[in-house]
Amino acid sequence: MQAIKLAIAGVGKIVYDQHLPAVLGNKDFELVATASRNNTIDGVQGFRHIEEMLASRPDIDAVSLCMPPQYRYEAARLAIRAGKNVFLEKPPGATLSEVESLRELAAAHAVTLFASWHSRHAPAVQVLKDYLREHPPRQVKVIWREDVRHWHPDQEWIWQPGGLGVFDPGINALSIVTEILPEEIFLRQAALEFPANRQTPIAAQLSFTDAAGTDVQADFDWRQTGEQTWDILVDTGDAHLHLKKGGHELWINQAQRELPVEGEYPSLYRHFSDLIRRRSSDVDVAPLRHVADAFMLGQHIVTDPFI
Ligand code: NAP
């Protein structure tokens, strides 16, 4: 079978760290072009703007859109209208309505739209999901605490409307929670802490439940220095489960489980290739919906300026 000719738009941190090695390691894809105002990839034809790339390279089959979420919709619309299959980095857009609009557009143009959630492809996630199908959870505690200065140096977009602030990493936790829990959850209460000089929150405490009354608490914080925490603790009554390191370790009653070895981005691209071959789409907005709910229902607290 012929390789899928892939282009990447919005070349930056996540492209160099993850997309590039994953694509180069997957024979289903051939990376043929990039569209990015300032950055390029060695040996790959580079364009400054996606319009120019789409016009010059009609042979492109698929485009991965890796710019910040506030700038993704317009690029996605252009790519879909040009008949390309589209991979959206997370979060899939700046608003839920944008993503719905793209879903309809992709269906009308019969192309694949993939709203990716990389943390769902961490190796512990499907193992934990399978376990919880047999042993429903009673209590879930999410602790997602990291150092924004370390992970997002010089990224202004995270502090601007649509950049999500601490929900940029927090949505990864929500993407796991919405994947593993057998019931749909909904937000009951939230408190969001906004630095006095910023547009997006630096911390959030969320309290969810579901139809079965499961207690789901989440603690997101961007002010943690030293050891970083990306943990989900689940109590099923007969077992304590501990997903650690964002889904790269799973402990059940203090015993570490063996996990598959495939990385998140290789797994994402395997899924994207499969969707394209099957001519189907995968667009789940649940994690973004919970974030929108938090902005809508949450108490807004002003905290120390972030310098
Ligand atoms: P980034 O490096 O700040 O931005 C990626 C690229 O987008 C930039 O290099 C820039 O390339 C382009 N861009 C920036 N502002 C733009 C604008 N106003 N209009 C058009 N293009 C613009 O961000 P990132 O860390 O790679 O994150 C990008 C996306 O990946 C985000 O949605 C993020 O949540 C997701 N993600 C990031 C990570 C991570 O560890 N960083 C992990 C997983 C997912 P040009 O200047 O060359 O156009």
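Every read-out reported here was derived from the displayed coordinates using simple, explicitly stated rules and does not represent laboratory data. Remember, it's a predicted structure, so these values are computed and weren't measured experimentally. Heads up, the Cβs are rebuilt from the backbone with ideal geometry, glycines too, and the neighbour counts pull from every protein chain shown.
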Mind scanning K27/K244; K27/K129; K90/K244; K13/K90 and naming the pairs with a C-alpha gap bigger than 24 Å? K27/K244; K27/K129
Of I80, N39, Q70, which is farthest along the charge dipole of region 1-140 in the positive direction, counting Lys and Arg as +1 and Asp and Glu as -1 at C-beta? Q70
Taking every DSSP beta bridge that has both residues in region 169-307, what percent is antiparallel when rounded to the nearest 5? 85 percent
Cα convex hull of the chain: how many Å³ per residue? 137 Å³
Identify all lysines with a Cα-Cα distance to K245 below 16 Å; exclude those on the same chain that are fewer than 8 residues away in sequence. K141
What does the helix-only formula give at 222 nm for the chain: each DSSP H stretch with n ≥ 4 adding -39500 (n - 2.57), the total divided by the residues, and the result rounded to the nearest 500 deg cm²/dmol? -9000 deg cm²/dmol
Could you list the GluC sites (Glu not before Pro) in region 158-212 that lie in coil according to DSSP, counting only those with at most 15 other Cβ atoms within 10 Å of their Cβ? E183, E184
Rounded to two decimals, the Debye log10 I(q)/I(0) of region 2-135 (Cα scatterers, no solvent) at q = 0.14 Å⁻¹ is -0.64
Gain in length, T40 to S56, computed as 0.36 nm per residue apart minus the alpha-carbon separation, to one decimal in nm? 4.1 nm
Taking the Cα-to-Cβ direction at R278 and at R81 and moving 7 Å from each Cα, how far apart do the two end points lie in nm? 3.0 nm
Extend 7 Å from the Cα of D293 along its Cα-to-C-beta direction; within region 200-228, residues with backbone N under 17 Å of that point are 204-220
When the convex hull of the C-alpha atoms of region 76-158 is computed, what volume per residue in Å³ does it have? 163 Å³
Which percentage, to the nearest 5, of the DSSP beta bridges contained in the chain is antiparallel? 50 percent
Taking Rh as the Kirkwood radius computed over C-alpha pairs, what is the Stokes-Einstein D of region 196-237 at 10 °C in a medium of viscosity 1.306 mPa s, expressed in µm² per second? 123 µm²/s
Förster radius 51 Å - calculated FRET efficiency between E258 and S97 (Cβ-Cβ, nearest 0.05): 0.75
